[in-house]
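Heads up, the thing below is written out as structure tokens.
The values are calculated or read from the model by the stated rules, or taken from the named source; none is laboratory data. Please read all numbers here as calculations on a predicted model, not as lab measurements. Positions of Cβ are generated from backbone atoms using ideal geometry, with glycine treated the same way; all protein chains shown enter the neighbour counts.
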Amino acid sequence: MVGADEGRATMADPPKVPEWRALGRGVRCRCPRCGGRHIVASMFEVKDSCPTCGMHFQREEGYWLGAMALVTAVVVVLFAGIIVAALTLFGDDVPWTGITIVAVLVNVGLPILGYGWAKTTWMGLDYAFNPPTTTEEADAITRMAIDPDAT
Ligand SMILES: [Zn+2]
């Protein structure tokens, strides 16, 4: 039976965002649900909710630990790449002082400077593999209906 709402998203049937699209939106610092911009409050923080669709970003207590794990994984992979590249390029004559300076900059600077990016990327990753519940979707719709500017 074909209903009048066929093809339209409802609270019971929220729009399905493909995993790769949700992740891509997060990597580009956009809302994983709608792709809306302006979700970053500062270099380290994202807004509480999306100004476009109303989705609440911190889904549970301790939610941002995933972002910390993500930025740590990026640092580890980058640091290992630097060491492997240095050993490959310089052989027995590795400039360890220069490598140490670069390693310190990467291991200290990247977690600080990349934390905001890690948060939006984590949101995209989480949204892709753990889509919002019906309750979270309803909360987003309600939030936008009550006060769309209160994000
Ligand atoms: Zn949104």
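Output the residues belonging to the stretch 126-138 that are closer than 14 Å to Gly26 by Cβ and crowded, with 20+ Cβ neighbours inside 10 Å.
Passing the criteria: Asp126, Tyr127.
Among Glu19, Glu6, which is the only one that is more than 15 Å from Thr133 (Cα to Cα), surrounded by 12 or more Cβ atoms within 10 Å (Cβ to Cβ) and modelled with pLDDT under 95? Steps first, answer last, please.
Numbers: Glu6 fails: surrounded by 12 or more Cβ atoms within 10 Å (Cβ to Cβ).
Unique residue meeting the criteria: Glu19.
So, Ala85, is that one among the aliphatic types (A, V, I, L, M) and at pLDDT 95 or above or not? Working first, answer last.
Details: among the aliphatic types (A, V, I, L, M): yes; at pLDDT 95 or above: no.
No, not satisfied.
Listed here are the residues, each with its yes/no results for (1) among the small types (Gly, Ala, Ser); (2) within 25 Å of Ala67 (Cα to Cα); (3) within 20 Å of the chain's Cα centre (by Cα); (4) away from the ligand (no atom under 16 Å from the Cβ).
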position: Ala85; (1), (2), (3), (4): yes, no, no, yes
position: Ala118; (1), (2), (3), (4): yes, yes, yes, yes
position: Trp122; (1), (2), (3), (4): no, yes, yes, no
position: Glu136; (1), (2), (3), (4): no, yes, yes, no
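When the stretch 130-151 is examined, which residues are found to be among the hydroxyl-bearing types (Ser, Thr, Tyr), assigned to a helix (DSSP H, G or I) and touching a residue at least 40 places away in the same chain (Cβ under 8 Å)? Break it down into steps so the answer makes sense when it comes.
From the stretch 130-151, those among the hydroxyl-bearing types (Ser, Thr, Tyr) are 133-135, 142, 151; that's our starting set.
Right, trim to assigned to a helix (DSSP H, G or I) and you get 134-135, 142.
Result: Thr134, Thr142.
Is it the case, given these coordinates, that Val40 is more than 30 Å from Thr133 (Cβ to Cβ) and either without any contact (Cβ under 8 Å) to a residue 12 or more places away in the chain or in contact with a strand residue (DSSP E or B) (Cβ under 6 Å, 6 or more places away or on another chain) (or both)? Can you show your working first?
On the way: more than 30 Å from Thr133 (Cβ to Cβ): no; either without any contact (Cβ under 8 Å) to a residue 12 or more places away in the chain or in contact with a strand residue (DSSP E or B) (Cβ under 6 Å, 6 or more places away or on another chain) (or both): yes.
So Val40 does not fit the description; no.
Select from the stretch 33-48 the residues that are within 8 Å of the ligand (Cβ to nearest atom) and either more than 19 Å from Glu137 (Cβ to Cβ) or not β-branched (Val, Ile, Thr) (or both) and list them in ascending order. Working first, answer last.
Residues of the stretch 33-48 that are within 8 Å of the ligand (Cβ to nearest atom), as a first pass: 33-36, 39.
Correct list: Arg33, Cys34, Gly35, Gly36.
Return a yes/no flag: does the stretch 54-73 have any residue that is more than 16 Å from the ligand (Cβ to nearest atom), farther than 30 Å from Ala140 by Cα and either surrounded by 12 or more Cβ atoms within 10 Å (Cβ to Cβ) or more than 13 Å from the chain's Cα centre (by Cα) (or both).
yes
Kindly indicate whether Val46 is buried (at least 18 other Cβ atoms within 10 Å of the Cβ), touching a Cys at 6+ places or on another chain (Cβ under 9 Å), at pLDDT below 90 and not small (Gly, Ala, Ser).
Working: buried (at least 18 other Cβ atoms within 10 Å of the Cβ): yes; touching a Cys at 6+ places or on another chain (Cβ under 9 Å): yes; at pLDDT below 90: no; not small (Gly, Ala, Ser): yes.
Considered against the rule, which asks whether it is buried (at least 18 other Cβ atoms within 10 Å of the Cβ), touching a Cys at 6+ places or on another chain (Cβ under 9 Å), at pLDDT below 90 and not small (Gly, Ala, Ser), Val46 comes out as no.
Condition (residue is among the hydrophobic types (A, V, I, L, M, F, W, C), loosely packed, with under 15 Cβ neighbours inside 10 Å and more than 17 Å from Cys31 (Cβ to Cβ)) applied to the stretch 139-151: is it met by at least one residue? Walk me through how you get there before you give the answer.
Just the residues of the stretch 139-151 that are among the hydrophobic types (A, V, I, L, M, F, W, C), to begin with: 140-141, 144-146, 150.
Within this subset, residues satisfying the condition of being loosely packed, with under 15 Cβ neighbours inside 10 Å are 145-146, 150.
Within this subset, residues satisfying the condition of being more than 17 Å from Cys31 (Cβ to Cβ) are 145-146.
Checked the stretch 139-151: at least one residue is among the hydrophobic types (A, V, I, L, M, F, W, C), loosely packed, with under 15 Cβ neighbours inside 10 Å and more than 17 Å from Cys31 (Cβ to Cβ).
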